[in-house]
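The next block holds one structure in the form of structure tokens; read it before the comments.
Read-outs: derived from the displayed coordinates by stated rules, not from any lab. Since this is a predicted model, take the numbers as computed values, not measurements. Don't worry about glycine lacking a Cβ; one is built from the backbone with ideal geometry, like all the others, and counts go over all protein chains shown.
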Amino acid sequence: MTRSVEAPTDFAELFDRHAPTIHRYLARRAGRQVADDLVASTFLVAFERRASYDPERPDSRPWLYGIASNLLSRFHRDEERMLRAYARTGVDPTGDDGMERALDRVDAAAAGRALAAAVAELSPADRDVLLLFAWASLSYAEIAEAVGVPLGTVRSRLNRARRHLRSALGTGGDAVDGSVAVRGSAMVAWPPVVAAHPIEEGHHG
């Protein structure tokens, strides 16, 4: 990032490294068509702001996800509609065939719909933190950097989301914990952070 200030063409290296994963994350949340535009906008903003990037940051990924999340905020209503559509129909609106693999240990048609409905009920702030952890595989510290909140706020939002999802599913946590597949797959994790392993800071799945 620092090098690209003096050599703008070097910025392409950052795009090649991070654009595919950021696109997958955005597509899961807003659909592929919207993701195309958001990825382009994310890297345009990053390019324009590259001179302000803190060179002490060892990894530009949280910074890029922060830009993407800010741009995504205007699409929260669309995201909620997608989740509720999935909860109602059982059809993954992202069209990603990873759903069946992600939920291969549960009844995907029933559990997936219930989980999607529960995620749709989360506040945008809690959903952001939840999905940055689950789909972008950011650590607690990286999420805090991406969304611009204290580390303790990240912890409390994740814990609140976890409690809500368990309560909404009426399982007390046991059935949910045993049913969720690895973090990082498409639509994985309805709920993503209520997995077989407890949420731990720095865990990337």
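Around ALA51, with a cut-off of 13 angstrom between Cβ atoms, what is the net charge of the other residues, counting Lys and Arg +1 and Asp and Glu -1? It would help to have the intermediate numbers written out before the result.
On the way: positive: ARG3, ARG49, ARG50; negative: GLU6, GLU48, ASP54.
Surrounding charge for ALA51 is 0.
In this structure, the amide hydrogen of TYR53, modeled 1.01 Å from its nitrogen in the peptide plane, lies closer than 5 angstrom to no residue at least 5 positions away or on a different chain. Each principal axis of the Cα cloud of region 37-89 was taken in turn, and the coordinate range along them, longest first, works out to 46, 20, 13 Å. The gain in end-to-end length when the GLU13 to ASP36 segment is fully stretched comes to 6.4 nm, 0.36 nm per residue minus the alpha carbon separation. Phi angles of region 135-140 translate, via the Karplus equation with coefficients 6.51, -1.76, 1.60 and θ = phi - 60°, into HN-Hα couplings of 9, 8, 6, 7, 6, 4 Hz per residue; Gly and Pro are given as x. Using every pair of separate Cα atoms, the Kirkwood estimate puts the hydrodynamic radius of region 1-83 at 13.2 angstrom.
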